[in-house]
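Here, each number is a calculation from the coordinates, and none is a lab measurement. Note that the structure is a prediction, hence the values are computed from the model and not measured. Reconstructed Cβ throughout: ideal geometry from the backbone, glycine too, with neighbour counts over all protein chains shown.
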């Protein structure tokens, strides 16, 4: 089944705010959110980007909030906003035709660590009987389905930092195959914990600017020294465009093409010449029937790592020589890993809608090796008919999403 796939709703919970509008405003203003975190004090890297405080019991109900890990709480909150934005009511839809695909990463990290601490300090009687469902990788998708009586396929994708983008690709496939009429898709991550932060620090992946957290995430800057951990969730509602219009809903944007490849090169490092990234870019363009000249904007993966940014910059300049506007919103939001691809897909949709490309925060001195048209300091107004969102992950996962205006 071939059909235009529409994005009809967005929901976001990020370090910049508990809704889509707050996040969009912060990234357009270029306001970094990284700060020292109480739970990380005393560690080699003691800062991250955290979601603002919220009352999970009030948002989700006390009993529901109590039995869920933070990552699942975040994605449920984002789903509520996305469904409202799409003007969909799960109490009235045919749940058999609704699917859920959520990108997951280190799901349950917070629960793992707190429950192990209880076991060590107080013994097995103090372990929650809900431990296993709280940490199960399948739980975020299952809980979204449960909350909204979605009886179609319910899946979790795990492609490291590309997981949220991979979820969007799978959701698109469910619509094109005719298995679903509506798919709730996105990604979630909540692993700003001592063990995970230490693990990334030991790997040498994190910025060590403990004296300047707000200036630590510096994608494509010559002084970049690693990424900043973040938590977030983002949800996109996908439907076939003709069916969305038939119910009176104008698409925010169309998902025109997707490219997915694997480097098969190294457990954590990208292919040195960006082979897989370039293949994914070309595949997304081909499926969307776009030339490089049609693409006015690339929301890059841009994590602020030395090697990752260099490989991505070379891939973009090679495949898109026409010079689209390039940004990275991780200077503001940090790197939310499994959620990042969904967050950035949503922001790319908003850029198309508003004809505006947010700036890359902290990109004060672009690396002279990169031949790209970076947006810095202030948001750039620009007519945007088509844009790409890049996501790359450990294990060599490469996903590129191509969006265009309806």
Worksheet entry | Net length gained if the chain between residue 245 and residue 138 were fully extended (0.36 nm per residue, minus Cα distance) | 35.3 nm
Worksheet, complete the sentence: By the Kirkwood definition, with r running over pairs of different Cα atoms, the range 5-246 has a hydrodynamic radius in Å of 18.8 Å
Item to complete: Pick out which of 393, 11, 199 has the largest mean-square fluctuation in a Gaussian network model of the chain, springs linking Cα atoms closer than 10 Å.
Response: 199
Fill in: Beta bridges by DSSP in the range 309-406, antiparallel share as percent, to the nearest 5
85 percent
Discussion item. Under 10 Å, Cα contacts only: if you run a Gaussian network model on the chain, which one of 335, 126, 265 comes out with the highest mean-square fluctuation?
Written reply: 126
Item to complete: Grab the alpha carbons of the range 99-192, take their convex hull, and tell me the volume per residue in Å³.
Response: 85 Å³
Discussion item. If you build the convex hull over the alpha carbons only and average its shadow over all orientations, what do you get for the range 9-109? Give it in nm² to one decimal.
Written reply: 8.3 nm²
Item to complete: Note down the nm distance, to one decimal, between modelled labels 7 Å out along Cα→Cβ at residue 3 and at residue 35.
Response: 4.5 nm
Worksheet item: How do 114-124, 87-97 rank on mean C-beta neighbours within 10 Å, highest first?
Response: 87-97, 114-124
Item to complete: With springs connecting C-alpha atoms under 10 Å apart, model the chain as a Gaussian network and identify which of 133, 15, 153 has the largest mean-square fluctuation.
Response: 133
Worksheet item: Rounded to the nearest 500, what is the chain's calculated 222 nm mean residue ellipticity when only DSSP H runs of at least 4 contribute -39500 (n - 2.57) each, over all residues?
Response: -10500 deg cm²/dmol
Discussion item. Contact order normalised by length for the range 19-146, with contacts defined as Cα pairs under 8 Å and 6 or more residues apart; what percent is it?
Written reply: 23 percent
Fill in: Percent RCO, i.e. relative contact order, over the chain, from Cα pairs under 8 Å lying at least 6 residues apart
24 percent
Discussion item. Residues of the range 238-256 with the amide nitrogen closer than 16 Å to a label point 7 Å from the Cα of residue 354, along Cα-to-Cβ, please.
Written reply: 252-253
Item to complete: State the antiparallel share, in %, of DSSP beta bridges confined to the range 5-246, rounding to the nearest 5.
Response: 60 percent
Worksheet entry | Relative contact order %, the range 5-246, counting alpha carbon pairs below 8 Å whose residues are six or more apart | 32 percent
Fill in: Computed Rg/Rh of the range 254-404, alpha carbon atoms with Kirkwood Rh
0.92
Worksheet, complete the sentence: Footprinting proxy, 132, 196, 182: sorted fewest to most Cβ within 10 Å, the residues are 132, 196, 182
Worksheet entry | Ranking of 80, 287, 344 by count of other Cβ atoms within 10 Å, fewest first | 287, 80, 344
Practice prompt. Nearest 5 is fine: what % of DSSP beta bridges in the chain come out antiparallel, could you say?
Written response: 65 percent
